[in-house]
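K.L.:
Okay, here's the structure, questions in a sec.
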Amino acid sequence: MDRNQTKINWVVAGLLLGMFVGALDQTIVSTAMPTVITELGGFEHYVWVFSAYMIATVVATPIFGKLSDIYGRKLFFQLGLVLFLIGSVLCGIAGSMTELIVYRAIQGIGGGALMPIAFAVIFDIFPPEKRGKMNGLFGAVFGLSSVFGPALGAYITDYIDWRWVFYINLPIGLVAIALMHFGYREKAAHRKQKIDWAGATTLVTAILSFMFAIELAGSDTYAWGSWQIIGLFALFVVCFALFLAAERKTADPIVELKLFKNRLFTASQAIGFLYGIIMVSGATYIPLFIQGVYGESASAAGQTLTPMMLAVVASSVLGGPMVNKMSYRNIMLISTIILAGAMALLGTMTVDTPRWTVTLYMVLVGLGIGVNFVVLNISVLHGLPGQYKGAAISLITFFRTIGSALGVTVLGVLQKVDYKSRIESVFPDPAQAAQFSDPKALLIPQVRNTLPPEVVQSATKALAGSISYLFLASILIIAVGLVFVLMLGKARMELPSKTAKENGNLEPGPVGHM
């Protein structure tokens, strides 16, 4: 980077706007989907509108991170935004659910470039003592998008048109591209490398096969033991093995496997994966509890997430200054203790738990989660050479996303199995038990109001118990995360000395004490 010609404020604004549209798109669409289904049909494909975006993002993230290391951050951040905006326009003109799903995948490919490259640019343009603060600011973008996204999506859908949920990305994205184009000046000092096509192909195939297997398994069409699902898992194993083999042989791999020899790097990636699971558990199942157990509306259930997301923002902002004063391990220890306490409290919820109490528990979840966006984005880069920054940041994003994807499925299976068991014990009559085998009857007010109060009471107790069980099970995930937190050792951000600043050497020293 050319510090003399780069306009820092322009670059920061461009990065923030680019990351904002990417993060906003994951929340603003949810409130528009009922209207979209009414117009386009295809309710059976509902989940794929979200899955297509997520899978494409997971696949694209490590590839864009690596390419930005080779050819420059600016080029691929702008390319990612262009692809994202093209996908947004196509989503806005979609005439069927199938088209919308395909165009969401195009959006996801572009979205996969935004976050990893943005965080890598932060480390390029800011000295160590300012990186914590900037990471906190950028981490807060995700919390703000989660808070305002659903409300904005509902307003646009009700008062304008659902297609503008996608079109709204255009002006924001174009401004971000312009700010980066005119504000960021990179030095042409990137190494000439060959793109690892073998690694990219096997990685994409492995991830897609695994995600499709997780997404489709257990459905009415494909049982877990069906040859299609077993075949997808087998394809994943084979392609992943080929990917590892390819990465060991190539000179410039997509994923630098040697980075995982660094304990701090590996522990940071593992914690990011586990935190992805925990965050999605609260965001997915608390609204289900509010709507299914309390009988409140879908919009009220969505608003329940606001306190958690605001706490995520606050925790992210507070985490910035903390990394300058404490070790990564100590900050994350505080985080895991808060999260474990929050999960334990959520595990006590029943039909009689006051509404305000659930809100308080969600605030604790947000406070525990938010700081990880700051700490892990710094710890994962601790002591790494500059040419690996983009790849390292893309991997932490990659593992968080994978954690969220797997968390939805695995935790969902636990909740469904426990719920089914409770329903069968409450309703010995198989016909009555079958009526509540899917809790949808509790989520639709018109159906719920026609049921006898004692039946609703029994069914809601079963649903509340299964969700509480889910959160208690999540404590085991936090316990595993605690092991990796301890592996962070005593490493901390090493700020440059006064002498180093005077000499213009603003980079931190070697990897901290482990």
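K.L.:
What full-extension length gain, to one decimal in nm, is calculated for Leu472 and Ile93 as 0.36 nm per residue of separation minus the Cα-Cα distance?
P.N.:
132.1 nm
K.L.:
If one computes the Cα centroid of the range 73-92 and of the range 326-365, what distance in Å separates the two points?
P.N.:
Result: 37 Å between the Cα centres.
K.L.:
So for each of 421-430, 479-488 I average, over its residues, the number of other beta carbons within 10 Å; can you give me the resulting order with the highest mean first?
P.N.:
479-488, 421-430
K.L.:
In whole Hz, what ³J(HN,Hα) sequence does the range 58-63 give by Karplus (6.51, -1.76, 1.60; θ = phi - 60°), x for Gly and Pro?
P.N.:
Each residue's phi maps through the Karplus curve to give 4, 5, 6, 4, x, 5 Hz.
K.L.:
Highest mean first, what order results for 81-89, 102-110, 237-245 on Cβ atoms within 10 Å?
P.N.:
Those peptides, ordered most packed to least, come out 102-110, 81-89, 237-245.
K.L.:
Once fully extended, how much extra length lies between Thr250 and Glu454, figured as 0.36 nm per residue of separation less the alpha-carbon to alpha-carbon distance?
P.N.:
Between Thr250 and Glu454, full extension yields an extra 66.9 nm.
K.L.:
I would also like to ask the following. Specify whether the C-alpha gyration tensor of the range 300-399 places it in the rounded, prolate or oblate class, a ≥ b ≥ c being the square roots of the eigenvalues: rounded for a/c under 1.5, otherwise prolate if a/b is larger than b/c and oblate if not.
P.N.:
prolate
K.L.:
Set the bar at 22 Å for Cα to Cα. Now go through Lys66/Lys258; Lys130/Lys325; Lys66/Lys490; Lys130/Lys258 and name every pair that lies beyond it.
P.N.:
The pairs that break the limit, which is 22 Å between Cα atoms, are Lys66/Lys490; Lys130/Lys258.
K.L.:
By the scheme Lys and Arg +1, Asp and Glu -1, what is the net charge of all other residues having a beta-carbon under 15 Å from that of Ala13?
P.N.:
Net of charged neighbours comes to +2.
K.L.:
From the phi of every residue in the range 415-424, what ³J(HN,Hα) in whole Hz does the Karplus formula 6.51 cos²θ - 1.76 cosθ + 1.60 yield, where θ is phi - 60° and glycine or proline is x?
P.N.:
5, 5, 5, 5, 5, 4, 4, 5, 5, 5
K.L.:
Modelling each spin label as a point 7 Å along the Cα-to-Cβ direction, I'd like the Ala178/Tyr155 distance in nm, to one decimal.
P.N.:
About 2.3 nm, to one decimal.
We did not get these values from a lab; they are worked out from the coordinates using the rules stated. Keep in mind it's a predicted model, so treat the numbers as computed, not measured. Note that each Cβ is placed from the backbone with ideal geometry, even for glycine, and that neighbours are counted across all protein chains shown.
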